[in-house]
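S.K.: Sending over a structure as structure tokens; questions will come in a sec.
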Amino acid sequence: MMPREQVKFSSNPSSNISDDDEDDGNKMSSMSYKERRREAHTQAEQKRRDAIKRGYDSLQELVPTCQQNDVSGYKLSKAIILQKSIDYIQYLQLQKKKQEEERNALRKEVVALRIMQTNYEQIVKAQQSQPGYTETRISDEVKFSVFQAIMDQLFATFCGISTSNFSELSGGVFSWLEEYCKPQTLKDTVVNILHRHHSQIRS
């Protein structure tokens with residue numbers, strides 16, 4: 001039979017832990033905290049790198065000139081992707097500026113056409129208000145046919161002008177204006193063409 005031994009336990013559990021065990025516990029706790037900080041830093045760095053990679057991948061998908069590898073067959077570097085993206089943005093800015101200029105030019109043309117329309121309507125109203133006015137309906141096809149005939153005749157006389165250099169062109173234009181674009185000459189041209197289209201106008 002084993003002898004009975006009385007084992008005394010202290011009422012304070014901490015009193016059973018030696019000073020060395022306490023120091024080891026503190027070290028373990030300190031190392032665990034450092035490891036957790038290192039792990040958190042590593043994860044944050046990895047997230048940052050992943051976000052940067054996704055950004056470059058998005059640029060390659062959006063920028064047409066980045067959607068192919070370089071001539072050597074390797075993947076485009078980040079520096080090349082950034083430069084190509086900058087070039088493409090500058091190209092888009094130039095295109096936008098060009099479209100804005102074209103839009104402004106079209107707006108000016110619309111304003112000019114509206115002014116011409118207003119003037120034309122005023123002329124028509126003035127003619128209709130004259131005594132003895134009888135309305136004669138002429139189709140748009142006949143109007144265009146008369147206009148085309150006038151322009152064809154003027155163009156035929158203009159074809160003989162030399163365009164080899166600016167001096168000859170400018171001299172020829174002035175001579176052509178003096179010979180074929182005098183008021184009386186233009187009047188005779190229009191009257192002759194109207195006589196030729198008399199049957200269409202009366203029908």
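Read-outs: derived from the displayed coordinates by stated rules, not from any lab. Note that this is a predicted model, so its numbers are computed, not measured. All Cβ positions, even for glycine, are placed from backbone atoms using ideal geometry, and neighbour counts span all protein chains on display.
S.K.: Would you pull out the residues with amide H under 5 Å of L76's amide H, same chain only if 5 or more places away, H placed 1.01 Å from N?
M.R.: D70
S.K.: Shifting gears a bit: Please quote Rg/Rh for segment 138-203 to two decimal places, taking the Kirkwood radius as Rh and restricting both calculations to Cα atoms. Could the numbers behind the result be given before it?
M.R.: Numbers: Rg = 14.7 Å, Rh = 13.3 Å.
Answer for segment 138-203: 1.11.
S.K.: Right, another one. Give me the distance in nm between label points sitting 7 Å out from Cα along the Cα-to-Cβ direction at D152 and A126, one decimal.
M.R.: Result for the modelled spin labels: 3.2 nm.
S.K.: Exposure proxy check: F147, F158, F166 ranked by fewest other beta carbons within 10 Å?
M.R.: F166, F147, F158
S.K.: Something else about it: Over 19 Å between C-alpha atoms is what I'm after, so list which of K47/K75; K143/K187; K78/K98 land there.
M.R.: Values: K47/K75 22 Å; K143/K187 17 Å; K78/K98 30 Å.
In this structure, K47/K75; K78/K98 exceed 19 Å between Cα atoms.
S.K.: On to the next question. Determine the sum of side-chain charges near K108: Lys and Arg each +1, Asp and Glu each -1, restricted to other residues whose C-beta is under 12 angstrom from that of K108.
M.R.: Details: positive: R103, R107, R114; negative: E101, E102, E109.
Overall, the nearby charge balance is 0.
S.K.: Could you tally the net charge around I161, taking each other residue with its Cβ under 14 Å from the Cβ of I161, Lys/Arg +1 and Asp/Glu -1? Display every interim value, and only then the final one.
M.R.: On the way: positive: none; negative: E168, E178, E179.
That works out to -3.
S.K.: How charged is the neighbourhood of F147? Take every other residue with its Cβ under 13 Å from the Cβ of F147, and add Lys/Arg as +1 and Asp/Glu as -1. Spell out each step's value before the answer.
M.R.: Values: positive: K143; negative: D140, E141, D152.
Net local charge, F147 excluded: -2.
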